[in-house]
Amino acid sequence: MRSLTIEPLSKEAFAPFGDVIETEGSDFFMINNGSTRRYHKLASVETAQPEDQAIISIFSAESLEMPLTIRMLERHPLGSQAFIPLLGNPFLIVVAPVGDVPVSGSVRAFLSNGRQGINYHRGVWHHPVLTIEKRDDFLVVDRSGSGNNCDEHFFNEDELLLLKPHQ
């Protein structure tokens with residue numbers, strides 16, 4: 001079983017999968033009579049159908065036992081999906097490129113510093129939210145509309161991956 005190397009989350013490394021939502025290194029302009037920095041358009045909400053709506057939810061996630069065997073990934077073919085940590089805790093991200101099915105050899109893992117959110121582009125394969133803390137909350141921006149917007153792929157036994165956060 002291949003162990004995933006956990007990379008620090010950066011805009012450059014994550015670009016094939018989506019956007020890193022953070023203020024550090026991002027352009028801004030001043031608003032509200034100069035009292036507020038606006039970090040504008042850090043990510044775009046993608047939807048596939050004109051009747052789709054962008055929605056905001058809160059996910060309250062519980063941690064999974066580590067090390068974790070990565071048995072499956074999911075994707076959202078009809079819209080992007082963003083996760084912004086509300087409690088400032090680091091979290092893990094496991095992704096694979098867009099394709100008919102994820103290839104276990106191309107799966108990558110990242111660690112957010114807790115001040116970074118992520119926005120998965122449409123169709124990017126990813127593991128469901130992976131919190132390190134016992135429980136963590138995320139602001140989630142995704143789409144609501146008709147159609148199946150969640151495909152799941154389960155790996156064969158010889159494709160399973162191991163995620164060990166404290167390597």
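The values are calculated or read from the model by the stated rules, or taken from the named source; none is laboratory data. The model shown is predicted, which means the values in this text are computed figures rather than measured ones. Cβ placement follows ideal geometry from the backbone for every residue including glycine, while neighbour counts extend to all protein chains displayed.
For segment 83-98, the condition of being part of a strand (DSSP E or B) and loosely packed, with under 12 Cβ neighbours inside 10 Å holds for none of the residues. Within segment 120-149, the set of residues being surrounded by fewer than 17 Cβ atoms within 10 Å (Cβ to Cβ) and more than 14 Å from the chain's Cα centre (by Cα) comprises 133, 134, 135, 144, 145, 146, 147, 148. Has segment 58-77 got any residue that is β-branched (Val, Ile, Thr), over 25 Å from residue 97 (Cα atoms) and either part of a loop (DSSP other than H, G, I, E, B) or touching a residue at least 60 places away in the same chain (Cβ under 8 Å) (or both)? Yes, some residue in segment 58-77 is β-branched (Val, Ile, Thr), over 25 Å from residue 97 (Cα atoms) and either part of a loop (DSSP other than H, G, I, E, B) or touching a residue at least 60 places away in the same chain (Cβ under 8 Å) (or both).
Yes or no, residue by residue, for (1) at pLDDT below 95; (2) touching a Pro at 6+ places or on another chain (Cβ under 9 Å); (3) of a type outside the set (Ser, Thr, Tyr); (4) under 15 Å from residue 59 (Cβ atoms):
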| position | (1), (2), (3), (4) |
| --- | --- |
| 133 | yes, yes, yes, yes |
| 137 | no, yes, yes, yes |
| 140 | no, no, yes, yes |
| 147 | yes, yes, yes, no |
| 152 | no, no, yes, no |
| 155 | no, yes, yes, no |
| 160 | no, no, yes, no |
| 163 | no, yes, yes, no |
